[in-house]
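Heads up, the thing below is written out as structure tokens.
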Amino acid sequence: MTKEVHVGPLTIGADAPVSVQTMYDIPLSRLEERFESRMAVLKAMGCDIIRFSYPDISEHEYLCDVVRRCPMPVVADIHFDWKNAMDAMDCNVAKIRINPGNIGERWKTEEIVRKALDKGVAIRIGLNSGSLPRNDGSKDKVSLMVDTALEYISWFENLGFYNTVVSLKASDSELSYKAARLFSSKSDYPLHLGVTEAGGVVTSCVRSTWTLGRLLNDGIGNTIRYSITGSIEDEVQAGVELLRTLGLRKGGMKIVSCPMCGRCSFNSQGFLKEVEHELLASGKDICVAIMGCQVNGPGEAKGADIAVTGIGNKVYLYMHGKVYKQIDAADAKEELLKAVSDYE
């Protein structure tokens, strides 16, 4: 069992559930008008913690505003300038993510650690394979990543700081996997898992699931992030679905939907894309089926709590496995979301 780390009200490690993370996808200075509603959706989908890039102290007020308005613990992502980390902690962020290797002299990292200790802020030592100390050839990359992390941990412990999470990421799935396994055999600090720069939705989900699934199945890993060149909502959905598939998270919305084929008379693909995130954010612990023809549609609908099945020019809404009403395709989204909202 790993150490217990506190990130605001969230516990990471020990016997706490594996948490799901994502990273906000636009600069702090360009917060959307729908920021709060988007954060509420992410939280409802199952996001536990969110990270924000903090490249410059000129964005101080924006970061402080985010911390006040965000319903999840906020992590400030820091590179290069140690003063940014010091400033971010004045906004009461829950965690700082740093790579001591690109902060500069050791004393700068130690100043960050001292302030984090004083303010009760957690630190993630975030190492990527592309930003490691120069290798003299005596170590393979996996060993270099792990030994570097252990060295930084020793710096922290010398200052009495133990509220640390570690990540060892690479775009190479096997490198990420091997580094996490080796680290877990040598340290009891919590691990944040991920395959960095993993590509689009399909590529990232394949690479990340293969890597993270094996580790989590062996009890390795305490927080996860799917790094997707796409929406952060997709990142959260993928992370939550992996945990549910492994039996590490219970409840929540289960969506059953058919692939498109020549029999399809209802655009189930387009409909799912339109409604999926809203369904996942509903907070309902139910099964919803979205089907496109008469072959599997009625059968899957009978096995779901709520279903939409298109047959010919007609769309049927099912409740508790039975036809509830016939609806127009144009009204299907509204009718389905209402049925989910009213479901008890």
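Quick notes on this structure:
- Anchor LYS338: aspartates and glutamates whose Cα lies under 13 Å away (excluding residues fewer than 8 positions away in-chain): GLU278
- Distribution of pairwise C-alpha distances over the chain, 10 Å bins, in %: 5, 24, 29, 21, 12, 7, 2, 0
- Long-range HN-HN contacts of MET23 with modeled amide H, under 5 Å: ARG51
- Shown are HIS192, HIS277, whose ranking by accessible area with a 1.4 Å probe and every protein chain present, most to least, is HIS277, HIS192.
- Per residue, the accessible area of the range 187-343 comes to 47 Å², computed with a 1.4 Å probe over protein heavy atoms only.
- The mean sequence separation of alpha-carbon pairs under 8 Å and at least six residues apart, normalised by the residue count of the range 207-338, gives a relative contact order of 16 percent.
- Near SER154: Cβ cut-off under 13 Å, other residues only, Lys/Arg at +1 and Asp/Glu at -1. The net charge is -2.
- Accessible surface area normalised per residue over the range 95-164 is 44 Å², counting heavy atoms of protein chains with a 1.4 Å rolling probe.
- Accessible area ranking (1.4 Å probe, heavy atoms, ligands and nucleic acids excluded), largest first, for ASP118, ASP77, ASP218: ASP118, ASP218, ASP77.
- Residue pairs, from the table LYS178/LYS284; LYS3/LYS273; LYS119/LYS273; LYS108/LYS139; LYS250/LYS333, whose Cα atoms sit over 31 Å apart: LYS178/LYS284; LYS3/LYS273; LYS119/LYS273
- Ranking by accessible area, most exposed first, for GLU33, GLU151, GLU157 with a 1.4 Å probe: GLU33, GLU151, GLU157
- In the assembled protein chains, CYS287 presents an accessible area of approximately 20 Å² (probe radius 1.4 Å).
- Placing +1 on the Cβ of every Lys and Arg and -1 on the Cβ of every Asp and Glu, with nothing else charged, gives the range 98-219 a dipole about its Cα centre of roughly 180 debye.
- Of the residues SER58, ILE112, ILE98, the one whose Cα sits farthest towards the positive end of the charge dipole of the chain is ILE98 (charges of +1 on Lys and Arg Cβ, -1 on Asp and Glu Cβ, taken about the Cα centre).
- Carbon + sulfur, % of accessible area of the range 103-217 - ligands and nucleic acids excluded, 1.4 Å: 48 percent
- Diffusion constant of the range 90-231 at 20 °C, which comes from Stokes-Einstein with the Kirkwood Cα-pair radius and 1.002 mPa s, µm²/s: 137 µm²/s
- Most positive-pole-ward Cα, GLY321, GLY194, ASN128, against dipole of the chain from beta carbon charges: GLY321
- Cα pair distances exceeding 23 angstrom across the range 182-329, given as percent: 47 percent
- Eligible aspartates and glutamates near LYS322 by straight Cα distance, threshold 16 Å, same-chain separation 8 or greater: GLU300, ASP305, GLU335, GLU344
- Helix 232-245 and the long axis of the chain differ in direction by around 80°, with both axes built from C-alpha atoms.
- Per residue, the chain reaches -12500 deg cm²/dmol at 222 nm when only DSSP H runs of four or more residues are counted, each adding -39500 (n - 2.57).
- Scalar couplings 3J(HN,Hα) for the range 89-97, obtained by applying the Karplus form with A = 6.51, B = -1.76, C = 1.60 to θ = phi - 60°, are 5, 6, 8, 6, 4, 7, 8, 10, 10 Hz; x denotes Gly and Pro.
- Note on the chain: with charges restricted to the Cβ of Lys and Arg (+1) and Asp and Glu (-1), its dipole about the Cα centre is near 740 debye.
- Computed Kirkwood radius, in angstrom, where 1/r is averaged over Cα pairs of the range 1-153: 16.5 Å
- Selected from PRO71, LEU175, LEU28, residue furthest toward positive end of dipole (the chain; charges at beta carbon): LEU175
The values are calculated or read from the model by the stated rules, or taken from the named source; none is laboratory data. Keep in mind the model is a prediction, meaning the values are calculated, not measured. Cβ coordinates were reconstructed from backbone atoms using ideal geometry, including for glycine residues, and neighbour counts include every protein chain displayed. The protein model used for the area step is the full one, side chains on, heavy atoms only, and it has no ligands, DNA or RNA in it. Shrake-Rupley method; radii C 1.70, N 1.55, O 1.52, S 1.80 Å.
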